[in-house]
Amino acid sequence: MSKGLFWTSTIVGALFLTMYWLKMFLYIESNNPFGHKNYWGADVGTYLLFAILIVVTPVYIFAVWKHFPKTKKDND
């Protein structure tokens, strides 16, 4: 993976994670257990969003760590 693609995907992923963490905290603060409606009109619960974020965030951190671009000096 090129450095440009790595950093672009890392920043975009961090922005999406930040957006969803903030969304979840705002739902909790407003005492809204149902969050928002998805495309089909079903409620997406705050606690389901929390469970997904608890799983996705460590996977994201591991993927960024695992695919971090190595410098030429690191390859020696």
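Read-outs throughout are calculated quantities, based only on the coordinates presented, and are distinct from any laboratory measurement. This is a predicted model, so every value here is computed, not measured. Here Cβ is always computed from backbone atoms with ideal geometry, including for glycine, and neighbour counts include all displayed protein chains.
Selection of first residues in the range 6-33 that are touching a residue at least 60 places away in the same chain (Cβ under 8 Å) and of second residues that are outside any helix (DSSP H, G or I) and surrounded by 10 or more Cβ atoms within 10 Å (Cβ to Cβ), restricted to Cβ pairs under 9 Å at least 6 apart or on distinct chains, gives the following pairs, ordered by first then second residue: Phe6/His67; Phe6/Phe68; Phe6/Pro69.
With respect to the conditions (1) in contact with a Phe, Trp or Tyr (Cβ under 9 Å, 6 or more places away or on another chain); (2) on the phi > 0 side of the Ramachandran plot, Ile28 falls short on a single one, namely (2). Summed over the range 19-43, residues that are touching a strand residue (DSSP E or B) at 6+ places or on another chain (Cβ under 8 Å), in a loop (DSSP other than H, G, I, E, B) and surrounded by 10 or more Cβ atoms within 10 Å (Cβ to Cβ) total 1.
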